[in-house]
Amino acid sequence: MSTRKRILSGIQPSGTIHIGNYFGAVENWVRLMDTYDCFFTIVDLHAITVTYDPALLPQRVWDAALDNMAAGLDPARCTIFIQSHVPEHTELCWLLNCVTPLGELGRMTQFKEKSERERENVTAGLLNYPILQAADILIYKADAVPVGEDQAQHLEFSREVARRFNNRFGDYFPEPATLIGRGARIMGLDGDTKMSKSMDNFIGVTEAPEAIWEKLRPAKTDEARKRRTDPGEPDRCNIFSYHKLVTPDDGIRDIAAGCRGATIGCIDCKKIFHANLMRVLDPIRERRQDLAAHPELVREALDEGARRARKVARETLDGAKKLMGLL
Ligand code: AQP
């Protein structure tokens with residue numbers, strides 16, 4: 001058995017992963033694979049809490065697997081699996097439902113935002129989403145969960161669920177720590193809201209370089225720079241915040257000085273960012289093509305991941321049931 005500390009994290013199968021997902025979470029997951037016992041799951045059961053098309057879901061799950069493996073999740077060094085292939089998650093979710101007061105669920109920011117968007121279809125599943133997320137984490141007794149800042153509230157909730165269970169039935173679940181990646185909250189191309197698939201303000205990790213340029217060209221910069229000759233303030237510019245993710249320190253200094261002194265324009269600045277971003281994304285796009293050419297290897301990795309995950313999950317679940325008095 002591994003003596004390393006354990007982490008668990010999940011990603012929704014809701015389209016291509018974007019650079020917010022990558023720099024906020026996935027890049028960190030890749031780094032942590034060597035120091036932690038890592039479990040990563042494609043959370044298809046979370047994806048069905050909002051309106052979705054069942055005909056499209058299988059492809060989206062598949063795309064999420066390919067994208068994440070291409071981005072560096074290596075099945076030889078981590079356990080990667082599809083959430084619904086480990087039914088113990090939903091069984092533990094039911095047990096945790098029964099220790100969670102209803103009132104707290106309605107106060108979750110993500111529930112408020114998503115139920116606003118859903119309007120006609122606010123399901124009990126959407127309300128209970130954080131309990132399933134707590135089950136995803138606690139079933140592996142994860143020590144920590146690496147996520148972007150948007151998930152901080154749900155993680156605090158998971159810790160509360162663990163505390164409640166432990167207080168009522170005995171010390172059983174560790175309280176998982178939150179590990180925030182270096183791109184804690186990456187803003188969308190609109191510069192106003194978090195980069196997000198549903199807001200359609202994203203740069204996809206495996207999008208073609210030309211398509212990414214077409215999105216970048218009109219993207220918002222420092223609004224005070226109306227003409228190329230106007231000096232700008234990099235700290236007001238969303239593209240400058242993107243540079244910090246991919247541009248070396250001396251390049252950052254040059255761009256900041258060029259923007260303040262109006263010696264480079266916003267298009268020049270975007271071109272440099274595009275080139276530097278492609279240095280990160282080109283190999284990911286190429287690896288994805290290789291993986292897509294060998295679907296049997298991806299399927300095997302997911303099957304093996306589910307087998308490994310189920311073994312751990314079953315043991316935790318049985319322990320929790322015993323503590324709760326279930327025979
Ligand atoms: N903009 C972001 N900046 C930093 N981190 C982010 N994450 C998501 N968006 C950003 C982190 O990525 C991981 C996987 O998240 P997810 O699959 O739950 O992504 P999401 O929240 O579904 O992504 P979207 O695009 O925001 O989806 P919608 O629009 O459906 O809500 C998580 O660790 C998350 O923190």
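The values are calculated or read from the model by the stated rules, or taken from the named source; none is laboratory data. From a predicted model like this one, the values you see are computed outputs, not experimental measurements. Every residue, glycine among them, receives a Cβ derived from its backbone with ideal geometry; neighbour counts consider all protein chains shown. All accessible areas refer to the heavy atoms of the entire protein, side chains included, with ligands and DNA or RNA removed. Shrake-Rupley method; radii C 1.70, N 1.55, O 1.52, S 1.80 Å.
Relative contact order of the chain: 23 percent, from C-alpha pairs under 8 Å at least 6 residues apart in sequence.
How large a share of the accessible area of the chain, in percent, is made up of carbon and sulfur atoms when the probe is 1.4 Å and the other protein chains stay in place? On the chain, the fraction of accessible area on carbon and sulfur atoms equals 53 percent. For region 290-305, the Karplus equation 6.51 cos²θ - 1.76 cosθ + 1.60, evaluated at θ = phi - 60°, returns couplings of 4, 5, 5, 7, 10, x, 5, 6, 5, 4, 4, 4, 5, 5, 5, x Hz by residue, with Gly and Pro reported as x. Here the chain is treated with +1 on each Lys and Arg Cβ and -1 on each Asp and Glu Cβ, and its dipole about the Cα centre works out to around 460 debye. Of all lysines in the structure, the ones whose alpha carbon falls short of 17 Å from that of residue 112, not counting any fewer than 8 places away in one chain, are 194.
Amide hydrogen proximity for residue 145: with H placed 1.01 Å from N in the peptide plane, the residues at 5 or more positions away or on another chain lying under 5 Å are 177, 178, 179. For the chain, the equivalent ellipsoid built from the Cα gyration tensor has semi-axes of 38, 22, 18 Å, listed from largest to smallest. Projected over every direction and averaged, the convex hull enclosing the alpha-carbon atoms of region 209-288 yields 5.1 nm².
Close amide H partners of residue 37, meaning residues 5 or more places away or on another chain with modelled amide H under 5 Å apart, are 5, 6, 7. For the chain, the Cys residues with no second cysteine's beta carbon closer than 4.7 Å are 93, 98, 237, 259, 266, 269. Computed 3J(HN,Hα) for region 155-172, one whole-Hz value per residue from the Karplus formula 6.51 cos²θ - 1.76 cosθ + 1.60 where θ = phi - 60°, is 6, 4, 4, 4, 5, 5, 4, 4, 4, 4, 4, 4, 5, 7, 10, x, 5, 9, glycine and proline marked x. For region 19-24, backbone phi angles converted through the Karplus equation (6.51, -1.76, 1.60; θ = phi - 60°) give residue-by-residue couplings of 5, x, 4, 5, 7, x Hz, Gly and Pro being listed as x. Sites listed here are trypsin sites (Lys or Arg not before Pro) in region 222-321 whose DSSP assignment is loop and whose Cβ has at most 15 other Cβ atoms within 10 Å: 226, 227, 228. Divide by every residue of the chain the summed helix terms, -39500 (n - 2.57) for each DSSP H run of at least 4, and state the resulting mean residue ellipticity at 222 nm, rounded to the nearest 500 deg cm²/dmol. Calculated at 222 nm, the ellipticity per residue is -16000 deg cm²/dmol.
Per residue, region 209-288 exposes 54 Å² of accessible surface when a 1.4 Å probe is rolled over the protein heavy atoms with every protein chain present.
Bridging of residue 322 to aspartates and glutamates at a Cα separation below 17 Å is possible for 88, 91, 171, once same-chain residues fewer than 8 apart are set aside. How high is the relative contact order of region 209-288? Use alpha-carbon pairs under 8 Å, at least six apart in sequence, and give a whole percent. After rounding, I find 32 percent.
When only the Cβ of Lys, Arg, Asp and Glu is charged (+1, +1, -1, -1), the dipole of region 209-288 relative to its Cα centre reaches about 220 debye. Close amide H pairs (under 5 Å, H built 1.01 Å from N) link residue 194 with 188, residues at least 5 positions away or on another chain.
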